[in-house]
Amino acid sequence: MKGKDLLSVADLTSEDIYRLIQAAVDLKAEDRLSQLTGKVLALIFEKPSLRTRVSFEIAMRKLGGQVVYLSPSEVGLGKRESVPDVARVLSRYVDIIAARTFSHQTLETLADYSQVPVINALSDLEHPCQALTDLFTIYEKKGELQGLTLAFIGDGNNVAHSLMLATALTGVNFRIASPPGYSVKEEILHLAQEYAAESEILCTEDPNLAARGADVIYTDVWTSMGQEAEAKLRRKAFSGYQVNMDLLSLASEDAILMHPLPAHRGEEVSEDILDSPKSVVFEQAENRMHLEKAILNEMLGGLEIASYR
Ligand code: CP
Ligand code: NVA
């Protein structure tokens, strides 16, 4: 992965994902290292963020590096300055860029013109750092990945796309239940089907069918950032898709509940279960930092995993 971009889970192999998870396990155990001393990460965000911004900043600092954050109002990507020029200029100052954009195309243009690697910190199409963290969290909780079943209940959005690809690459069965018109993009489904040599993928409109016997119940907001004008329409379309105790009771006895956060409590997820013992959402949030340490270390050519031990 050194020197390459991470715009999609499809930029990774199954081996890359397992290696990143192992590195995250090790880096979680050993918190402060200095292999990225002298390196600088630029964070360019067109949308708000709590987890991604803070976890990347702290991850970079814990590895000895430095961070520059450019907020939505400062960036003006494609408005104050063309996206290629922003990429050309930033490449002269920093060693790596993590960008959160509305359009995935903006991210691709940034990467095309940047001399340094670009990481997708969430676009309308994918959220790879979240999906990799989620697999790491599942691995921590279950001790394995292959053969498990993850049921995603809700919108076929950026988070669902990255999870679908990441589960397919690691042998996790993936089920998604979405209302008509809100399922995953065909192109992502086809790619995941190509990857899923040893696992199954199910797209359904029936949340109960998806949840039955699943090891992980996963949900995300019904209205993603940038879709606020559709919020009312979406609340109506998704009204039968709330993850609550009734749905969770269909899953495996030791199933865990996951959500990338921020959550709209009482909407896609009932208030009670986010704080129930089944919920691992705050560990997921913490794990963003450990997994991102692994990503930064590998992309910037830090120490080999074996050296952590
Ligand atoms: N899960 C996640 O990416 O959260 P933020 O939008 O707060 O970064
Ligand atoms: N699907 C959500 C994820 C936020 C982390 C969004 O794009 O807003």
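Hey, could you check region 59-84 for residues that are in a helix (DSSP H, G or I) and in contact (Cβ under 8 Å) with a residue 24 or more places away in the chain and say which is nearest to the chain's Cα centre (by Cα)?
Looking at residues that are in a helix (DSSP H, G or I) and in contact (Cβ under 8 Å) with a residue 24 or more places away in the chain, I get A59.
How many residues are open to solvent by 20 Å² or more (accessible area, probe 1.4 Å), under 21 Å from M60 (Cβ atoms) and in contact (Cβ under 8 Å) with a residue 40 or more places away in the chain when one looks only at region 91-122?
Count: 2.
How about region 121-150: which of its residues are away from ligand 1 (no atom under 12 Å from the Cβ) and on the phi > 0 side of the Ramachandran plot?
G143, G147, listed by residue number.
Regarding E74, is this residue surrounded by fewer than 17 Cβ atoms within 10 Å (Cβ to Cβ), of a type in the set (D, E) and over 18 Å from N297 (Cβ atoms)?
yes
Looking for something closer than 17 Å to C129 by Cβ, open to solvent by less than 30 Å² (accessible area, probe 1.4 Å) and out of contact with any Asp or Glu (no Cβ under 6 Å at 6 or more places or on another chain) - is there at least one such residue anywhere in region 172-180?
No.
Could you list, in sequence order, the residues of region 9-58 that are crowded, with 16+ Cβ neighbours inside 10 Å, away from ligand 1 (no atom under 16 Å from the Cβ) and assigned to a loop (DSSP other than H, G, I, E, B)?
Selection gives L12, L33, Q35, L36, K39.
Would you mention how many residues in region 123-143 are out of contact with any Pro (no Cβ under 9 Å at 6 or more places or on another chain) and either open to solvent by 10 Å² or more (accessible area, probe 1.4 Å) or not aliphatic (A, V, I, L, M) (or both)?
Counting residues in region 123-143 that are out of contact with any Pro (no Cβ under 9 Å at 6 or more places or on another chain) and either open to solvent by 10 Å² or more (accessible area, probe 1.4 Å) or not aliphatic (A, V, I, L, M) (or both) gives 13.
Listed here are the residues, each with its yes/no results for (1) open to solvent by less than 50 Å² (accessible area, probe 1.4 Å); (2) within 27 Å of L148 (Cβ to Cβ); (3) in a helix (DSSP H, G or I).
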site: L233; (1), (2), (3): no, no, yes
site: S276; (1), (2), (3): yes, yes, no
site: H290; (1), (2), (3): yes, yes, yes
site: E298; (1), (2), (3): yes, yes, yes
site: G301; (1), (2), (3): yes, no, no
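Being within 16 Å of ligand 2 (Cβ to nearest atom) and aromatic (F, W, Y) is the filter here, so list the residues in region 144-184 that pass it.
If the condition is that a residue be within 16 Å of ligand 2 (Cβ to nearest atom) and aromatic (F, W, Y), then F152, Y182 are the ones that fit.
The values are calculated or read from the model by the stated rules, or taken from the named source; none is laboratory data. Remember, predicted model here, so these are calculated numbers, not experimental data. Note: ideal-geometry Cβ built from the backbone for every residue, glycine included; neighbour counts use all protein chains shown. For the accessible areas, the whole protein counts, side chains as well, though only heavy atoms, and no ligand, DNA or RNA atoms are used. Shrake-Rupley method; radii C 1.70, N 1.55, O 1.52, S 1.80 Å.
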